[in-house]
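The values are calculated or read from the model by the stated rules, or taken from the named source; none is laboratory data. Because the structure is predicted, anything quoted here is derived from the model rather than measured. Please note: Cβ atoms are built from the backbone with ideal geometry, for glycine as well, and neighbour counts cover all protein chains shown.
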């Protein structure tokens, strides 16, 4: 049976203990989370009014982790690489995903690598299998203005070529998502959601569903359609939402007109 292994870094205070407890409750082993006395665990406080997020306050440190901490993360990764089907990198630009770690994961692992990118310099993701930026992130990475005509197409084609990707999935909130592949026509997937309550966590859901689908043998387009349905579940609810495999399968059945 396949399962996910989480590798990351946090502080070592009460927030880290709370995070570990929550992970354990959900069946995720926190053993490979590196505890650092030099950092603090990121805490996000969301201010909600009339079912809408007004502002978010983040308490955190985003400076790069130390070389010693990076080595501990790489040691944890080395232990699980041999039995891993896929590598999912969720880069929050919080200082954990360093160039050294990226190089080991992308260039030296020999695995399919799915990345949710951050920042304006995407050269650090050169050689990854597939990236999942949103429309704004793709525009910034290509130094394009938001009102550029055919923005998604221009950004998608440029990133696929410049980074040597096998796939690129640009998410566009209520406008769905577009999948780019080399030597293939871009394919747009419309969102099936009519009402959007909160997009918080949608990007995380996309990369999780996409990665899990590819790991179990789905092609990129099928995986993108599954990710689109998963994101649709999340944005219909307020706040961050965890979807289960059963919920996703039920939604897939409904989309296909299948019961059970």
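Scan region 77-102 for residues that are in contact with a strand residue (DSSP E or B) (Cβ under 7 Å, 6 or more places away or on another chain) and farther than 14 Å from residue 10 by Cα and the total you get is 6.
Looking at region 1-64, the strands (runs of 3 or more DSSP E) lying wholly inside it that each contain 3 or more residues that are exposed (fewer than 15 other Cβ atoms within 10 Å of the Cβ) sit at 43-49, 52-59.
Looking across region 103-123 at every residue that is in contact with a strand residue (DSSP E or B) (Cβ under 8 Å, 6 or more places away or on another chain), in a loop (DSSP other than H, G, I, E, B) and surrounded by fewer than 19 Cβ atoms within 10 Å (Cβ to Cβ), the one that is modelled with the lowest pLDDT is identified as 109. For region 200-230, the set of residues classified as more than 17 Å from residue 115 (Cβ to Cβ), in a helix (DSSP H, G or I) and either touching a residue at least 24 places away in the same chain (Cβ under 8 Å) or in contact with a strand residue (DSSP E or B) (Cβ under 9 Å, 6 or more places away or on another chain) (or both) consists of 221, 225, 226, 228, 229, 230, listed by residue number.
Tell me whether region 144-157 contains one or more residues that are surrounded by fewer than 19 Cβ atoms within 10 Å (Cβ to Cβ), closer than 19 Å to residue 212 by Cβ and at pLDDT 95 or above. Looking for residues that are surrounded by fewer than 19 Cβ atoms within 10 Å (Cβ to Cβ), closer than 19 Å to residue 212 by Cβ and at pLDDT 95 or above, one finds none in region 144-157, hence no. Candidates in region 73-99 are the residues that are more than 19 Å from the chain's Cα centre (by Cα) and in contact (Cβ under 8 Å) with a residue 60 or more places away in the chain; of these, the one that is farthest from residue 112 (Cα to Cα) is 76.
Across region 231-244, the qualifying residues are those that are under 15 Å from the mean Cα position of the chain (by Cα) and exposed (fewer than 15 other Cβ atoms within 10 Å of the Cβ), and the one among them that is modelled with the highest pLDDT is 242. Any idea which residue in region 184-204 is surrounded by the fewest Cβ atoms within 10 Å (Cβ to Cβ), counting only those that are modelled with pLDDT of 75 or more and over 19 Å from residue 128 (Cα atoms)? By that ranking, first place goes to 185. Contact map, region 245-260: first residue on the phi > 0 side of the Ramachandran plot and surrounded by 12 or more Cβ atoms within 10 Å (Cβ to Cβ), second residue outside any helix (DSSP H, G or I) and at pLDDT 80 or above, Cβ cut-off under 9 Å, separation 6 or more or different chains; the map is empty.
Restricting region 77-94 to residues that are surrounded by fewer than 18 Cβ atoms within 10 Å (Cβ to Cβ) and either at positive phi or in a helix (DSSP H, G or I) (or both) leaves a set whose member that is modelled with the lowest pLDDT is 81. Please work out if residue 172 is at pLDDT below 95 and exposed (fewer than 12 other Cβ atoms within 10 Å of the Cβ). Judged against the criteria, residue 172 is not a match.
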